[in-house]
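Working notes, beginning with the structure itself.
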Amino acid sequence: MNPLKAPLNESDIRQARIVPDEFAMACELARQDQNFLKALKKRGLDDASKVLVESWSAGNFGNLEEQEHRVAYGHCWLMNDAGDNPYARPIANLHPVFDLAKREIIRIDDFGMVPIPPDPGPIRRSQQRDDLTEISITQADRSIDNEDIVIWHTVIYHHWP
């Protein structure tokens, strides 16, 4: 029997995929949740508008508290100061857990603080670097062996055959 044409039983569990508006909705739910805001504050973060929370499909691992929910697991990042990279700085160990169907937060999983990486600066630089030099590598008449190293500016490349 074709599984796409098989009759559905009431006991069958079916869930829709996460749709684009649910990503935005989950982020806003987290930014307004008092427990999430307390967890941010513990990490020294006072402005939730600079935090991106993405809801990722969580699957189903048999947890009783999740059985009747359309669960999504939140992952968090702190935007860089330039505002052009929302994924610049992961906020590790902080995960809001959502019920997408009910549009609510089930719980906040906070597994302890990990230092937030420093701001890497903007992705789009207003001025290009002027301290780089041209590189030209030729190997016309010799083979590469275990001791070949190329050094260019601050990059060291080891060739391992």
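Would you order Asp130, Asp81, Asp99 from fewest to most other beta-carbon atoms within 10 Å of each residue's own beta-carbon?
Ordered by Cβ neighbours within 10 Å, fewest first: Asp130, Asp81, Asp99.
Using a basic spin-label model with each label point 7 Å from the Cα along Cα→Cβ, how many nm lie between Ser136 and Phe111?
Those two pseudo-labels are separated by 5.2 nm.
So for the stretch 20-110, taking the charge dipole from beta-carbon charges (+1 Lys/Arg, -1 Asp/Glu), which of Leu100, Gly62, Leu45 sits furthest toward the positive end?
Ranked along the dipole, the leading option is Leu45.
Each reported figure results from applying straightforward, stated rules to the coordinates on display, with no laboratory input. Just so we're clear, the structure is a prediction, and the values are computed from it rather than from any experiment. Don't worry about glycine lacking a Cβ; one is built from the backbone with ideal geometry, like all the others, and counts go over all protein chains shown.
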